[in-house]
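Written out below as structure tokens is the structure these notes cover.
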Amino acid sequence: MQSRRHWFPKPYADRVARLRVSAGFLMVAAFAVFSRPTASSLALGLPLSLLGLALRAWAAGHLAKNQRLAISGPYACTRNPLYLGTLLTALGLAAAGDSAGLALLFGLLFLLVYLPAIELEEQHLTAILPTYRSYAARVPLLLPRWPDGLGPDDFSFALYKKNREYQALLGWLLGASWLAARAFWVKF
């Protein structure tokens, strides 16, 4: 079987993928400083960010990392629903913060840090899960497609907890509270 061409050289992808957490802290700091929310920006952005958060939660409840291939629920539509959920959440929060600069910064961060991380995960999953190649041939990398079926929606709250997805919810609640405080009560 012919190997597919990689987007990023492996040394770059390895180094950059480790920056995900640091980059997240950079985004939080930029978010805290540069957001200028209004009632209308909150009304536009918070629902989009909640949609991303819900997608992440749904995906986390299907994901038994390194144990079995997740193919049901959102994994029937995209191979990377967690990353797609992260993208939607971040862009929604940038919109809620009324900041095109934050959206641009996160878009750049996604291209330079998250896409190499996706590349590494694809290599890892191909190596440990024999059926991953055929799954990857059927399901798009990031942008979802409407599947023939979602498979059994075997969402597991235990997996949601094991994957610590509740941390994303807590982070979202802090971010949304920060935005609401800036929009309605505290003008910095």
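Just so you know, all these numbers are worked out from the coordinates, no wet-lab data involved. Everything numeric in this text was worked out from a predicted model, so none of it was measured. Cβ coordinates were reconstructed from backbone atoms using ideal geometry, including for glycine residues, and neighbour counts include every protein chain displayed.
Taking the Cα centre of the stretch 10-185 as reference, the dipole from Cβ charges on Lys and Arg (+1) and Asp and Glu (-1) amounts to some 320 debye. Ordering Arg20, Arg68 by the number of other Cβ atoms within 10 Å of each residue's own Cβ, fewest first, gives Arg68, Arg20. Computed extension gain for Val28 through Lys65, at 0.36 nm per residue and net of the alpha carbon distance, reaches 10.7 nm.
Top mean-square fluctuation among Ser22, Ser99, Ser49, Gaussian network model of the chain, C-alpha springs under 10 Å? Highest fluctuation among the options: Ser22. Which of Asn66, Asn80, Asn163 ends up with the largest GNM mean-square fluctuation for the chain, with Cα atoms connected below 10 Å? Answer for the Gaussian network model of the chain: Asn66.
Candidates Leu141, Leu108, Leu93 compared by Cα position along the dipole of the chain: farthest toward the positive end lies Leu108, with charges placed on Cβ. Please order Asp154, Asp148, Asp98 by the number of other Cβ within 10 Å, starting at the fewest. If I rank by nearby Cβ atoms, fewest first, I get Asp148, Asp154, Asp98. 3J(HN,Hα) along the stretch 155-163: 4, 10, 5, 4, 5, 3, 5, 4, 7 Hz, from the Karplus curve 6.51 cos²θ - 1.76 cosθ + 1.60 with θ = phi - 60°, whole Hz, x for Gly and Pro. Going from the residue with the fewest nearby Cβ atoms within 10 Å to the one with the most, Ile71, Ile128 rank Ile128, Ile71.
Between amide H atoms placed 1.01 Å from N, distances below 5 Å from Leu142 occur with Arg79, all of them 5 or more places distant or on a separate chain.
Computed over every Cα-Cα pair of the stretch 87-185 and binned at 10 Å starting from 0, the pair-distance distribution P(r) comes out as 12, 27, 38, 19, 4, 0 percent.
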